[in-house]
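The values are calculated or read from the model by the stated rules, or taken from the named source; none is laboratory data. Given the structure is predicted, the values throughout are model-derived calculations rather than measurements. In this analysis, Cβ positions are derived from the backbone assuming ideal geometry, glycine residues included, and neighbour counts consider all displayed protein chains. Protein only, heavy atoms only, side chains kept; ligands, DNA and RNA dropped before computing areas. Shrake-Rupley method; radii C 1.70, N 1.55, O 1.52, S 1.80 Å.
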Amino acid sequence: VLLSSLVLIAIRARKRILPRSQTIINSSIMAENSSTIITAQQHIMREQKRFPGASGEFSFLLSGITLATKMIQAQVRKAGLTDVLGEHGEINVQGEIQQKLDVISNEALVHCLSSRESIGVLASEENEEPMLVHKGSDEAKYAVVFDPLDGSSNIDVNVSVGTTFSILRKPDDVAMDNPEQWVLQPGSKQVAAGYVVYGSSTILVYSAGNGVHGFTLDPAVGAYFLSHPNMTMPDQGKYYSVNEAYRDGFPARYGDYIDRLRSGVLGRKYASRYIGSMVADFHRTLLKGGVFLYPPTEDNKEGKLRLLYEANPVAFLAEQAGGTAIDGEKRILDIEPTSIHQRTPLIVGSRVELADFESFAQTN
Ligand code: AHG
Ligand code: MN
Ligand code: MN
């Protein structure tokens, strides 16, 4: 009996041995789903079929972003070994000291995106003016706005940083040679938006207006694979995320709201998490729910975060995932921008926390 049981176990185990080709695929991160391996590139190509007249150019545009972010993550991953840590020595348009990795990341994105014929304008946190590329080309109809490296203060201490991007289409009535007008559009006009977090893994999260999808970089293969299809934000979370050290400088209702979350009136007593890289704080909020706030402060009366390339992409993703994003009063995506680097307060997160903020704030 013992012998026949052993033979049976051996036969079953043998049946589970995969053919060679499948074994190779299974060595990637998608081991559990080998029949449904989808790269970011494949996914984007499927998505672009939804855009009338798009003929591969949109996926080529996005491949510029995936390539640049792979180059950035390669630098981030070996940051302590090479001379990329520390200050670059320049002050950027925000009056902030540029870190070397800010500059390297900006160069990677500008380099990879300016070779895409469909892109006419690039605007970056690190450049005062938007850049006109492929001037005069009829092919050029998209603008890409980005924060090449978000969370600069975390670079030197091995904490997650990221990249954010927002893609807009040139409005019909705007002249080709007026780059500012290409990008001064409300966030509701974004064609696509997303971010990459350089965290314990590198993950790309993006939406082209048809749900939010996450792709994890398999470093061995050098490709992003779909790991988080159709991401939705939980209706309620258990964390609030804010730089509480500035609390005395917030308008009073923000402090009162934080007290509400801590007091348990929403059915639970909230804990706090704050990384100090918006991308990483938002990524947690997207996955786990809760609320991230960067209110107006004493030093930054308009808030600190930039509307076009920080607040707009995360607001677009939050709404696509069932969450909400406001500036304290109105929807982030409805704000008509007047300048490229303008700032905005940001409150973004789950439906329950944001509904409470809105009803509580209206009565206070
Ligand atoms: P950046 O590094 O692109 O300038 O952005 C930093 C931002 C954002 O990532 C984060 O949420 C915020 O700064 C943190 O600011 P505080 O240090 O004031 O909390
Ligand atoms: Mn930033
Ligand atoms: Mn930045």
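Taken as a whole, the condition of being surrounded by 24 or more Cβ atoms within 10 Å (Cβ to Cβ), within 20 Å of Gly56 (Cβ to Cβ) and either without any contact (Cβ under 8 Å) to a residue 60 or more places away in the chain or within 16 Å of ligand 2 (Cβ to nearest atom) (or both) applies to Leu168. Within the stretch 131-141, the residues that satisfy the criterion of being out of contact with any Asp or Glu (no Cβ under 6 Å at 6 or more places or on another chain) and at negative phi are Met131, Leu132, Val133, Lys135, Ser137, Asp138, Ala140, Lys141.
If you check every pair at least six apart or on different chains, which have Cβ atoms under 9 Å apart with a residue in the stretch 128-150 that is of a type in the set (Lys, Arg) first and a residue that is more than 16 Å from ligand 1 (Cβ to nearest atom) and in a loop (DSSP other than H, G, I, E, B) second? That search, which allows pairs on different chains as well, returns Lys135/Met176; Lys135/Asp177; Lys141/Ser118; Lys141/Lys170.
Could you go through the stretch 204-226 and let me know if any residue there is among the aliphatic types (A, V, I, L, M), under 14 Å from the mean Cα position of the chain (by Cα), farther than 28 Å from Pro130 by Cβ and surrounded by fewer than 24 Cβ atoms within 10 Å (Cβ to Cβ).
No - not one qualifying residue is present in the stretch 204-226.
For the stretch 104-147, a tally of residues being assigned to a strand (DSSP E or B) and either basic (Lys, Arg) or open to solvent by 10 Å² or more (accessible area, probe 1.4 Å) (or both) returns 2. For Ala271, the criteria (1) away from ligand 2 (no atom under 16 Å from the Cβ); (2) surrounded by fewer than 24 Cβ atoms within 10 Å (Cβ to Cβ); (3) touching a residue at least 40 places away in the same chain (Cβ under 8 Å) hold in every case but one, which is (3). Summed over the stretch 302-315, residues that are farther than 16 Å from Ala123 by Cβ, more than 9 Å from ligand 1 (Cβ to nearest atom) and out of contact with any Gly (no Cβ under 6 Å at 6 or more places or on another chain) total 3. Taken over the stretch 304-322, the criterion of being open to solvent by less than 10 Å² (accessible area, probe 1.4 Å) and under 18 Å from Gly289 (Cβ atoms) is satisfied by Val314, Ala315, Leu317, Ala318, Ala321.
Given the condition surrounded by fewer than 16 Cβ atoms within 10 Å (Cβ to Cβ), away from ligand 2 (no atom under 14 Å from the Cβ) and at pLDDT 95 or above, answer yes or no: does some residue in the stretch 148-158 qualify? No, because not a single residue in the stretch 148-158 is surrounded by fewer than 16 Cβ atoms within 10 Å (Cβ to Cβ), away from ligand 2 (no atom under 14 Å from the Cβ) and at pLDDT 95 or above.
Of the residues examined, Ser241 is one that is of a type in the set (Ser, Thr, Tyr) and either closer than 17 Å to Phe360 by Cβ or surrounded by 20 or more Cβ atoms within 10 Å (Cβ to Cβ) (or both).
Look at Val279 and say whether it is at pLDDT 95 or above and surrounded by fewer than 15 Cβ atoms within 10 Å (Cβ to Cβ). No; evaluated as a whole, the condition is false for this residue. Restricting attention to the stretch 315-342, the residues being outside any loop (DSSP other than H, G, I, E, B) and out of contact with any strand residue (DSSP E or B) (no Cβ under 6 Å at 6 or more places or on another chain) number 5.
Scanning the stretch 49-85 for residues that are open to solvent by less than 20 Å² (accessible area, probe 1.4 Å) and modelled with pLDDT under 85 yields Phe58, Ala79, Val84. Out of Leu287, Leu307, Leu293, one residue alone is modelled with pLDDT of 95 or more and under 18 Å from Val212 (Cβ atoms). It is Leu287.
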